[in-house]
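Let me begin by handing over the structure; questions about it come next.
The values are calculated or read from the model by the stated rules, or taken from the named source; none is laboratory data. Because the structure is predicted, anything quoted here is derived from the model rather than measured. Heads up, the Cβs are rebuilt from the backbone with ideal geometry, glycines too, and the neighbour counts pull from every protein chain shown. Side chains included, ligands, DNA and RNA excluded: accessible areas come from the protein's heavy atoms. Shrake-Rupley method; radii C 1.70, N 1.55, O 1.52, S 1.80 Å.
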Amino acid sequence: MTAKEIIKNVCIYLGKEEILNSSFFETDGQEITTAIEQDLNKILKCLNYITEELATEYFSLTKKKEIKLASGTIIVKDIDDNIYEVLSVKTRSGKTLRYQIVDNKLICLANCVQITYKVYPNQIGLNDKAEDFNGKISARIIAYGVASEYCFLDMLYDDAALWENRYKNALLVAQRKKGEIKLKKRGWF
């Protein structure tokens, strides 16, 4: 899923025909004016906000990294630039270690550790690939959230509430566990 696909959905939902007919989507389309460029930048800002919201509140992006600690400490930003929470620190064999984060430094009494942590998604550009949260989120769901934020920024509060309602309902469906449902055997009375 690309940012372009999401922006196209947002433009369809909001009736932004001037953006859809521009050279951003069509090679023989209208030239991009400053108004269209401002709208695209506003949509992109909303897209980055929504992906960050999804990553921090609904579908966290976790990573694991094996690191050698010099004197038992490492600066947290040296692990990853987008880190916002350390979940666990383990040895190579899988034993959980105690750790502390003090003054933006992770302190642990081991030399080689495996760190599991949560990250913010990278900022998305107009032609970049968007985060799909391991296939749990579609371009349509993200576009609902972006449309809601865009309407809110334009002070169209009724439209923003409508799109937010669609966004939240779609998120509930996306969060629902999928797979086989097993019922306990029951006896007859």
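Only one residue in 57, 17, 5, 53 is under 17 Å from residue 126 (Cβ atoms) and either surrounded by 14 or more Cβ atoms within 10 Å (Cβ to Cβ) or not hydroxyl-bearing (Ser, Thr, Tyr) (or both), so which one is that?
5
Restricting the first residue to region 71-89 and requiring it to be within 15 Å of residue 121 (Cα to Cα), which pairs with a second residue that is in a loop (DSSP other than H, G, I, E, B) meet a Cβ separation below 6 Å and a spacing of at least six or different chains?
These pairs meet every condition: 82/120; 84/120.
This table checks each residue for (1) in contact with a helix residue (DSSP H, G or I) (Cβ under 7 Å, 6 or more places away or on another chain); (2) surrounded by 15 or more Cβ atoms within 10 Å (Cβ to Cβ).
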residue	(1), (2)
64	no, no
68	no, no
81	no, no
101	yes, no
108	no, yes
116	no, no
130	yes, yes
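Suppose we filter region 150-177 for residues that are open to solvent by 60 Å² or more (accessible area, probe 1.4 Å) and part of a helix (DSSP H, G or I); how many remain?
14
Another question, if that's okay. Among the numbered criteria (1) under 30 Å from residue 168 (Cα atoms); (2) among the β-branched types (Val, Ile, Thr); (3) surrounded by fewer than 17 Cβ atoms within 10 Å (Cβ to Cβ), which single criterion is violated by residue 27?
Going through the list (1) under 30 Å from residue 168 (Cα atoms); (2) among the β-branched types (Val, Ile, Thr); (3) surrounded by fewer than 17 Cβ atoms within 10 Å (Cβ to Cβ), residue 27 breaks only (1).
Just for strands (runs of 3 or more DSSP E) wholly inside region 23-129: which have at least 2 residues that are over 23 Å from residue 140 (Cβ atoms), modelled with pLDDT of 85 or more and basic (Lys, Arg)?
Counting at least 2 such residues, we get 61-68.
Here's something else I'd like to know. Just to verify a result, which residue in region 30-39, among those that are surrounded by fewer than 20 Cβ atoms within 10 Å (Cβ to Cβ) and in contact with a helix residue (DSSP H, G or I) (Cβ under 9 Å, 6 or more places away or on another chain), is nearest to residue 132 (Cα to Cα)?
Once the filter is applied, the top-ranked residue is 36.
Run down 141, 181 and say which single residue is assigned to a loop (DSSP other than H, G, I, E, B) and either open to solvent by 100 Å² or more (accessible area, probe 1.4 Å) or not hydroxyl-bearing (Ser, Thr, Tyr) (or both).
181
Every residue in region 112-158 that is over 17 Å from the mean Cα position of the chain (by Cα) and on the phi > 0 side of the Ramachandran plot, please.
Of everything in region 112-158, just one residue is over 17 Å from the mean Cα position of the chain (by Cα) and on the phi > 0 side of the Ramachandran plot, namely 155.
Let me ask something additional. Does residue 146 qualify as being outside any loop (DSSP other than H, G, I, E, B), more than 22 Å from residue 52 (Cβ to Cβ) and touching a residue at least 40 places away in the same chain (Cβ under 8 Å)? Lay out the reasoning, then the answer.
Numbers: outside any loop (DSSP other than H, G, I, E, B): yes; more than 22 Å from residue 52 (Cβ to Cβ): no; touching a residue at least 40 places away in the same chain (Cβ under 8 Å): yes.
When the stated conditions are applied, residue 146 does not pass them.
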